[in-house]
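In what follows, a structure is listed as structure tokens, so that the remarks can point back to it.
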Amino acid sequence: MKTRTRPDKGIFICFTGMDGSGKTTQCQKIINYLSEKNYKCRYTRCRWDPILFGLTRRITKVIIGLRAGKIQDGGSLQYKHLKKTKKHIFRHTFVRLIYLYVGMIELLFESFFKVNRPLKSNKYVVCDRHMFDFMIDMSVSFNYSKQQVIKLSQHFIFSLFVKPDHQFLIDIPGEVGYTRKQDGTSLEYLEERRNIYLTLAQHRKMHIIDGTRPIEEIAHQVRQIVGI
């Protein structure tokens, strides 16, 4: 996928991965390290928070929760209701397209203020989630195959986003994420997302980091890759 020419001089570092992988921890680690070295740096979090569809999504979640009843078996009951509801909502192509394009445009504007502008005044911008996590969210919602995930990542709108200089996927098994989260998130949900993350990471040639290793070891590996 072609990306636009970088108009800025900052270095864009991005961390992606499923819940509980340790992205935020590693973001803070590298920000602290850069600050100690007196580099001008900025931490930001850039995950799509629906504006146009925000209220609709919240109402849908409430309905799903009421229909699913009490969460059982690590949230698997609620997860099955969620998948069933999404499959029903996104069964029509035009509904998927509207949701996808609105999401991409909203995230593009969010990225401009959280990534593009800070890159003009900071040596480093460290981002927790970005357009890659949006691709994962859409792929799960639409029940995409691996081939469809790759095709989505090649969409021309994503070429308008600033491409990270260093892109890291913090990878952990679904069982590890399930143990770390303990918030009712189902194991099935985490395992499904992990498979898509790995597909996208391999296609986009991200740095895949073993998130089960000690925090300091991961931080050291990240610094070596970035060259700081």
Cβ-placed point charges (K, R +1; D, E -1), dipole of region 150-228 about Cα centre in debye, nearest 20:
360 debye
With each pseudo-label sitting 7 Å past Cα toward Cβ, what's the Thr25-Gln182 distance in nm, one decimal?
1.4 nm
Mean separation of Cα contacts under 8 Å, 6 or more apart, over the residue count of region 96-210: relative contact order %
28 percent
Taking only C-alpha pairs under 8 Å that are 6+ residues apart, what is the relative contact order of region 173-228 in percent?
24 percent
How would you classify region 94-228 from its alpha-carbon gyration tensor, with a ≥ b ≥ c the square roots of the eigenvalues: rounded for a/c under 1.5, else prolate if a/b is greater than b/c, otherwise oblate?
oblate
Starting from the Cα gyration tensor of region 137-214, take the square roots of the eigenvalues, sort them a ≥ b ≥ c, and report rounded, prolate or oblate (rounded when a/c is under 1.5, otherwise prolate if a/b is larger than b/c, else oblate).
oblate
Would you report the distance distribution of C-alpha pairs in region 172-223 as whole percents per 5 angstrom bin, up to the bin with the largest distance?
4, 18, 22, 21, 23, 10, 2
Below 20 Å, Cα to Cα, which lysines can Lys86 reach? Residues fewer than 8 away in the same chain don't count.
Lys61, Lys70, Lys146
For the pair Asn32 and His207, what calculated FRET efficiency results from E = 1/(1 + (r/R0)^6), where r is the Cβ-Cβ distance and R0 = 35 Å, to the nearest 0.05?
0.95
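Values in this text are rule-based calculations from the coordinates and carry no lab data. Just so you know, these numbers come straight off a predicted model, no measurement behind them. Here Cβ is always computed from backbone atoms with ideal geometry, including for glycine, and neighbour counts include all displayed protein chains.
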